[in-house]
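One structure is given here, and the rest of the page talks about it.
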Amino acid sequence: MTLPAAYADLPLWPFGDSHELQERLAALIVAGVKTAGCGAKDLNEWSEPGERGLLVIRDTHPVALLEIETVEHMKFDEMSAEKAALEGEGDLSLEFWQEAHRKFFTRVTTFSEDMDVVFETFRLVEILDQDFAADAPRHVALERAEAGVGA
């Protein structure tokens, strides 16, 4: 895959702290079921609405072009069910989101229920890796099955 020259200077956006999680979350995005993400405010430089970046797996392999739509600063315990569902993970519930993100934030920073987080919505502008995109539905099915949806 050759990356268009216009994208060469865009920031790389891996979602997740492991290659496995990066692939799973990227698949949810490419499949159109994940349109938001949330991270610890103190761990990253955060984007502004309109900013574009390359969704990557394995830290550097681009699979899609994303554009930030909204950015909201909040506390972890202020997450709503509606926003949690936009993240497209597990069974789409707030409870699943809380459990998964408690584990994630505990791995990568000092977790607390009132920690500062940043919630971003984004849109999928372009798929750059068609082979990865073709396999995305399998990842979505695994995500739902592991959450007990359809079981």
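The values are calculated or read from the model by the stated rules, or taken from the named source; none is laboratory data. As the structure is a computational prediction, the values presented were derived from the model and not from experiment. No Cβ is skipped: glycine too gets one built from the backbone with ideal geometry, and neighbour counts run over all protein chains shown.
In this structure, is THR106 loosely packed, with under 12 Cβ neighbours inside 10 Å and in contact with a strand residue (DSSP E or B) (Cβ under 8 Å, 6 or more places away or on another chain)? In short, no.
Table: residues versus (1) touching a His at 6+ places or on another chain (Cβ under 9 Å); (2) crowded, with 18+ Cβ neighbours inside 10 Å.
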{"site": "ALA27", "(1), (2)": "yes, yes"}
{"site": "TRP46", "(1), (2)": "yes, no"}
{"site": "GLY53", "(1), (2)": "no, yes"}
{"site": "TRP97", "(1), (2)": "no, yes"}
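Pairs meeting the criteria (first residue in region 130-151 and farther than 16 Å from VAL30 by Cα, second residue assigned to a helix (DSSP H, G or I), beta carbons under 9 Å, at least 6 apart or on different chains) are ALA147/PHE96; VAL149/GLU143; GLY150/ALA141; GLY150/ARG144; ALA151/ARG144; ALA151/ALA145. Just one of HIS101, HIS73 is surrounded by 15 or more Cβ atoms within 10 Å (Cβ to Cβ), over 15 Å from GLN22 (Cβ atoms) and modelled with pLDDT of 95 or more; which is it? Result of the check over HIS101, HIS73: HIS101.
Return the only residue of LYS83, LYS34 being part of a loop (DSSP other than H, G, I, E, B) and within 14 Å of the chain's Cα centre (by Cα). Checking each option against the conditions leaves just LYS34. Got at least one residue in region 59-71 being touching a residue at least 40 places away in the same chain (Cβ under 8 Å), under 21 Å from PHE105 (Cα atoms) and part of a loop (DSSP other than H, G, I, E, B)? Yes, region 59-71 contains a residue that is touching a residue at least 40 places away in the same chain (Cβ under 8 Å), under 21 Å from PHE105 (Cα atoms) and part of a loop (DSSP other than H, G, I, E, B).
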